[in-house]
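Report on the following structure.
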Amino acid sequence: INVLSQCSVLESPLGQLIVAAAIVDDILALLVLSQLRALTSESGEVVLADIVIPIVSAFAWLFVGGAIALFVMPKVVDGFCKWTLATLPKPLLGILGLES
């Protein structure tokens, strides 16, 4: 993320796509690691639940997190920005470059 912000790409659609792809890649890597752990259990037997539960939970987290990011967080951030602009003193808003 530091490299993207230094190159002024982080706020662009391409930068956001790179960050999103990195998050999905991390989730898939954790999914593969959980499958390897399930297949190499100490008992030596493979239980279907040990394979299915990590897959279902990973995709559930991905979809729930995506839904929160798309539908809930914009409203939270917008409300926080409006609250901040309404409560901070005008001189401080000028210093921060937020004065309209």
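Numerical summary
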{"item": "One residue from 71, 63, 59, 80 being surrounded by 12 or more Cβ atoms within 10 Å (Cβ to Cβ), aromatic (Phe, Trp, Tyr) and either out of contact with any His (no Cβ under 7 Å at 6 or more places or on another chain) or at pLDDT 85 or above (or both)", "result": "59"}
{"item": "Matching option when the condition is at pLDDT below 80 and touching a Leu at 6+ places or on another chain (Cβ under 9 Å), among 24, 46, 19", "result": "46"}
{"item": "Neighbours by Cβ (under 8 Å, 6+ apart or cross-chain): first from region 18-40, open to solvent by 90 Å² or more (accessible area, probe 1.4 Å); second assigned to a helix (DSSP H, G or I)", "result": "30/58; 39/51"}
{"item": "Helices (runs of 4 or more DSSP H) fully within region 3-100 counting 1 or more residues that are within 21 Å of the chain's Cα centre (by Cα)", "result": "13-39, 48-67, 73-87"}
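The values are calculated or read from the model by the stated rules, or taken from the named source; none is laboratory data. If you're wondering where the values come from, they're calculated on a predicted model, not measured in any experiment. Here the Cβ is made from the backbone with ideal geometry for all residues, glycine too, and neighbour counts use every protein chain on show. Protein only, heavy atoms only, side chains kept; ligands, DNA and RNA dropped before computing areas. Shrake-Rupley method; radii C 1.70, N 1.55, O 1.52, S 1.80 Å.
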